[in-house]
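Read the figures in this text as sums done on the coordinates, not as results from a lab. Values in this document were obtained by computation on a predicted structure and should not be read as measured data. Heads up, the Cβs are rebuilt from the backbone with ideal geometry, glycines too, and the neighbour counts pull from every protein chain shown.
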Amino acid sequence: MTLREPQGEREGLQPAIEEAARVIADSQHVVALVGAGLSAESGVPTFRGPEGLWTKHGEPDLRDYERFVEDPKRWWEQRLERTSRFAEFAQALDEAVPNAGHFALRDLEEMGRLQHIITQNIDNLHQIAGSQAITEIHGNRIKLRCVLCNQRWAYEDVSLDELPPKCPDCASGVVKSDTVMFGEPIPRDALDECINQSRMCDCMLLIGTSAVVYPAAQFPEDVKISGGTLIEVNPNETPLTRISDVVLRAPAGEALSLVVERLRSLPLR
């Protein structure tokens, strides 16, 4: 049975909260697929939509990764010198702190109810909130990554005195920002982990995402095809609504906090 609640108010939301908590409690491997909607609750601007950065400032450079491959030294020089037209986004990321949704996911993990987070966000807020089992399919803004061996480090752990920086581990690969550029393949280790988690998953939480861009869009489809349950947490209808089994029509901070509250009253199975 699909439960769809049109109102985000607690009373109207409660039947869906009850069903979501029951499904999570009955599941063996719960995975959260997280999108920009969760970070938006922390004040991080989205890219698409009426107030999205791409809407206001235009589409990003779709050849960004191609330019990096062609001349990584020049790419690094431009990165270190230029003032980004997305300064608003960078400032929002610097100022953002985890919201109730991030902490609810941490609580679900600590309770043994959530086994993994696949996040499309690059803001590091899951880690700040205390979650442990995380795969960042689009990378992390505070890290650097070797394009050859996929080893990752904090910015301060890699010298930028010589550009482009070479990998301190394999000594062969070039180091770039960990965030995935347009035209850049998803790092193989991250993609493999997402595929593995989706295969094990019998309940996927779809949080603040429309999942219309592949490969992330494939994960809910795979879970559904394998007989798993999809729980959408989003104040707005999305393309995922039509295939979701339970829909919590509310912001993640509100809905997930209520799910945690309900699960605390249930015995751990």
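With the crude spin-label approximation of a point 7 Å out along Cα→Cβ, what separation in nm comes out for Asn236 versus Phe182? About 2.0 nm separates the two model spin labels.
When +1 charges are put on Lys and Arg Cβ atoms and -1 charges on Asp and Glu Cβ atoms, the dipole computed for the chain relative to its Cα centre reaches about 260 debye. Once Rg/Rh (Cα atoms, Kirkwood Rh) is calculated for the structure shown, the corresponding label among (i) 1.07; (ii) 0.99; (iii) 1.41 turns out to be (ii). Sorted ascending by nearby beta carbons within 10 Å, beginning with the fewest, Met181, Met200 become Met200, Met181. Expressed to the nearest 5 percent, the antiparallel share of DSSP beta bridges inside region 3-264 is 25 percent.
Determine the sum of side-chain charges near Ile142: Lys and Arg each +1, Asp and Glu each -1, restricted to other residues whose C-beta is under 13 angstrom from that of Ile142. Charge balance near Ile142 sits at -2.
By other beta-carbon atoms within 10 Å, ranking Thr229, Thr119 with the fewest at the front produces Thr229, Thr119.
Of the residues His138, His126, His29, the one with the fewest other Cβ atoms within 10 Å heads the list, and the complete ranking is His29, His138, His126.
Measuring from each cysteine beta-carbon in the chain, the ones with no other cysteine beta-carbon under 4.7 angstrom are Cys194, Cys201, Cys203.
Considering helices alone, the calculated mean residue ellipticity of the chain at 222 nm is -11000 deg cm²/dmol, with DSSP H runs of length four and up weighted by -39500 (n - 2.57) and normalised per residue.
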